[in-house]
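K.L.:
Dropping a structure here in structure tokens format, bear with me for questions.
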Amino acid sequence: MTGLLESNHYLIRKKLLKILGEKFHIYSDDSQENLIGYSYQKALKLKEDIRVYTDESESEEIMKIKARNILDLTGGYDFTDSQTGESLGGVRRNFRKSLIRDSYSVFDPDNQIYAEIKEDRLFSAIIRRILPPTKLFFPQEFALDFPGNPPIRFTQKINPVIQKLSVDISEGNQIDSRIILGAAMVIIAIEGRQG
């Protein structure tokens, strides 16, 4: 059995009709039979606070994802390894670029940008902004581009009750799997709510 941080593909599932806090189940594949991770977004927090665990019992925390500020148009999120306390870097929304097509910068622990995440299809992004209900027919697709590496794909799948995010990591990619996981959690938790 492959663990969450060793997997090249996983599916994150979230129920949309939740009042307080958000719960995410992470599966090894689209069949949703093998749970390899669990995440919880704390409710009623002034700053976003997301925790990722190995399972639903929350016995082993893998990482913390926290918003930098209470109200921040650039949406900066810091990732921390829960086992070591090590800062991993994080992602920051590119506010101006995101008006047309959602975009994030990936930064290292020293706040240096080294990769970008952006929506793949401009036409679909514009349609979703003009007619929000079309998100059911034009789901968001993101690519994490890191020079010299194949892109990592994040694909949203939404119906009126359940939201899913499929994560595909190409063989030979050199990005820390915790950064990929953190980016995926921000996409499903934050982008999913905004959509």
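K.L.:
Name every residue in segment 49-73 that is free of Cβ contacts under 8 Å to residues at least 24 places away in the same chain, touching a Lys or Arg at 6+ places or on another chain (Cβ under 9 Å) and under 17 Å from ALA184 (Cα atoms), in order of residue number.
P.N.:
Those that are free of Cβ contacts under 8 Å to residues at least 24 places away in the same chain, touching a Lys or Arg at 6+ places or on another chain (Cβ under 9 Å) and under 17 Å from ALA184 (Cα atoms): ASP49, GLU61, LYS64, LYS66, ALA67.
K.L.:
What residue, of PHE137, PHE142, PHE146, PHE107, is over 20 Å from ILE65 (Cβ atoms) and of a type in the set (Phe, Trp, Tyr)? Talk me through it step by step, then tell me what you get.
P.N.:
Details: PHE142 fails: over 20 Å from ILE65 (Cβ atoms); PHE146 fails: over 20 Å from ILE65 (Cβ atoms); PHE107 fails: over 20 Å from ILE65 (Cβ atoms).
So the residue among PHE137, PHE142, PHE146, PHE107 that is over 20 Å from ILE65 (Cβ atoms) and of a type in the set (Phe, Trp, Tyr) is PHE137.
K.L.:
Name the residues in segment 102-126 that are of a type in the set (Phe, Trp, Tyr), out of contact with any helix residue (DSSP H, G or I) (no Cβ under 9 Å at 6 or more places or on another chain) and closer than 30 Å to PHE137 by Cβ, would you?
P.N.:
Scanning segment 102-126 gives a single hit, PHE123.
K.L.:
Only one of these is at positive phi and not charged (D, E, K, R): GLN41, GLN32. Name it. Break it down stepwise before answering.
P.N.:
Values: GLN41 fails: at positive phi.
Selected residue: GLN32, the only one of GLN41, GLN32 that is at positive phi and not charged (D, E, K, R).
K.L.:
Is it the case that segment 143-159 has a residue that's surrounded by 18 or more Cβ atoms within 10 Å (Cβ to Cβ), outside any strand (DSSP E or B), of a type outside the set (Val, Ile, Thr) and touching a Ser or Thr at 6+ places or on another chain (Cβ under 7 Å)?
P.N.:
No, every residue in segment 143-159 fails to be surrounded by 18 or more Cβ atoms within 10 Å (Cβ to Cβ), outside any strand (DSSP E or B), of a type outside the set (Val, Ile, Thr) and touching a Ser or Thr at 6+ places or on another chain (Cβ under 7 Å).
K.L.:
Just give me the residues in segment 22-63 being of a type in the set (S, T, N, Q) and within 18 Å of SER82 (Cβ to Cβ), in sequence order.
P.N.:
Those that are of a type in the set (S, T, N, Q) and within 18 Å of SER82 (Cβ to Cβ): SER39, GLN41, THR54, SER57, SER59.
K.L.:
Report, by residue number, each residue of segment 160-182 that is farther than 19 Å from ILE113 by Cβ, polar (S, T, N, Q) and surrounded by fewer than 15 Cβ atoms within 10 Å (Cβ to Cβ).
P.N.:
Correct list: SER170 only.
K.L.:
So which of LYS15, LYS64 ends up being modelled with pLDDT of 95 or more, surrounded by 12 or more Cβ atoms within 10 Å (Cβ to Cβ) and either on the phi < 0 side of the Ramachandran plot or of a type outside the set (A, V, I, L, M) (or both)?
P.N.:
Result: LYS64 is the single residue among LYS15, LYS64 that is modelled with pLDDT of 95 or more, surrounded by 12 or more Cβ atoms within 10 Å (Cβ to Cβ) and either on the phi < 0 side of the Ramachandran plot or of a type outside the set (A, V, I, L, M) (or both).
K.L.:
Looking only at segment 160-188, count how many residues are acidic (Asp, Glu) and assigned to a strand (DSSP E or B).
P.N.:
Within segment 160-188, residues that are acidic (Asp, Glu) and assigned to a strand (DSSP E or B) number 1.
The values are calculated or read from the model by the stated rules, or taken from the named source; none is laboratory data. Everything quoted here is computed from the prediction, not taken from an experiment. Backbone-built Cβ (ideal geometry, glycine too); neighbour counts: all protein chains shown.
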